[in-house]
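Written below as structure tokens is the structure these notes are about.
Nothing in this text is a laboratory measurement; each read-out follows from the coordinates by a stated rule. Fair warning: this is a prediction, and the values are worked out from it, not measured in the lab. Positions of Cβ are backbone-derived with ideal geometry, glycine not excepted, and every protein chain shown enters the neighbour counts.
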């Protein structure tokens, strides 16, 4: 069956979900779209745009069927594209009764299911019996805001089944989106998690008035730290310099659109962590991932000075100024 005739569901209502919906509608006639709040879809259907995120992106509501019930949308869809904060995924799926074990699931979530320290693919496999070969990861480097502006962007589709990876890639490939394929679902997903932690570190350093010279040292050390971790937890041959790893790290650590960097910048400027979370008014995945990675690494003991520094600042109330000063002595 033609992949473009499959019923595709976008799960989520934020900026990344909106960007993915825009990309998908470049290639398919219709999508299903899950949003929790009826008032959001009511506004969407009247105005043709998301009332909260990427408001400049115009949609044809006739090409979208909105759902508020997770059972209904999963029953009516063949491919599920997950694009919600990781902390909300268990909440949304807790009432799911539909059997999704034979669905194809692609995750654009850049976080860990923190209560159990599971990657999204691990969580879906463990609790919903979705085979690993039926799941994929959508990795960057790509910010939703630039997709909205149709600026040339690159996405990596990772799946253990290369045929499925290519078929899904064909759904998101368009004039302003180029795609690459990978079979490394573990490395790409862990890298997506870790780069948000590094982006928080980058933001903290910026808030403390460290300059570009130090940022370059921070990020070059960070990609080595990421490599040490992913090679330990899932040792396969991978090119850490490719876009899914290094590219995604760079854009998240440096971009003005990076919410994790923005969150870190507020912490570096002296905001208490709780106040920074409230002020941001968006989910900074790196905050939750920092704790999960710290706990996971207790079993592996990988040398991770940057991730450990962020954890101490966010969860042990350590002084950003003192901890970053200590970190500068560990980098080279």
Query - With Cα atoms, 0 to 90° folded angle of helix 212-233 axis to the chain main axis - result: 70
Requested in this report: Give me the distance between the Cα centres of segment 296-325 and segment 231-291, rounded to whole Å.
Outcome: 14
Report task. For helix 38-47, report the angle its Cα long axis makes with the longest principal axis of the Cα atoms of the chain; keep it between 0 and 90° and round to the nearest 10°. Result -> 70
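I'd like to compare 89-101, 120-132: which one has the highest average count of other Cβ atoms within 10 Å, and what's the full order after that? Write out the running numbers ahead of the final one.
On the way: 89-101: 13.6, 120-132: 18.0.
The most tightly packed comes first, giving 120-132, 89-101.
What's the long-distance tail for segment 189-332, i.e. % of Cα pairs beyond 26 Å?
Working: 1571 of 10296 pairs.
Summing the P(r) tail past 26 Å for segment 189-332 gives 15 percent.
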Query raised in the report: Label point 7 Å out from residue 127 along Cα-to-Cβ: which residues of segment 4-24 have amide N under 17 Å?
Result: 11-12
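At 20 °C and a viscosity of 1.002 mPa s, what translational diffusion coefficient does Stokes-Einstein give for segment 1-59, taking Rh as the Kirkwood radius over Cα pairs? Give it in µm²/s as a whole number. Provide the component values of the computation, followed by the final result.
On the way: Rh = 11.9 Å.
Translational diffusion coefficient: 180 µm²/s.
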Report summary line: Note to self, the chain gives a 222 nm [θ] from helices alone (DSSP H runs n ≥ 4, -39500 (n - 2.57) apiece, / all residues, nearest 500) of -14500 deg cm²/dmol
Report summary line: Restricted to the chain, the DSSP antiparallel beta bridge percent, nearest 5, is 20
Query - Paramagnetic reach from residue 7 (point 7 Å along Cα→Cβ, amide N under 19 Å) across segment 103-130 - result: 103-106
Query - Inter-part distance where segment 47-67 and segment 96-135 are each reduced to a Cα centre, Å - result: 27
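For a protection proxy built on the mean count of beta-carbon atoms within 10 angstrom, sort 274-281, 13-20 highest first, please. All intermediate terms of the calculation are to be shown ahead of the outcome.
Numbers: 274-281: 13.5, 13-20: 23.8.
Highest mean packing first, the order is 13-20, 274-281.
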Query - Pairwise label distance in nanometres, residue 220 with residue 60, each label 7 Å out on the Cα-Cβ vector - result: 5.1
Query raised in the report: Within the P(r) computed for segment 3-183, what percentage of the Cα pairs occupies the region above 30 Å?
Result: 11
Query raised in the report: Taking the Cα atoms only, what angle lies between the long axis of helix 305-315 and the longest principal axis of the chain, rounded to 10 degrees?
Result: 80
**Report entry** Label-to-label distance, nm, for residues given as residue 275 and residue 328 (7 Å Cα→Cβ offset)
**Finding:** 2.4
Report summary line: Nearest-0.05 FRET efficiency for residue 68 and residue 231 at R0 = 41 Å, using Cβ-Cβ distance, is 0.45
Report task. Over every pair of different alpha-carbon atoms in segment 1-105, take the mean of 1/r and invert it; report that Kirkwood radius in Å. Result -> 13.9
**Report entry** Mean projected area (nm²) of the alpha-carbon convex hull when segment 103-191 is viewed from all directions
**Finding:** 5.8
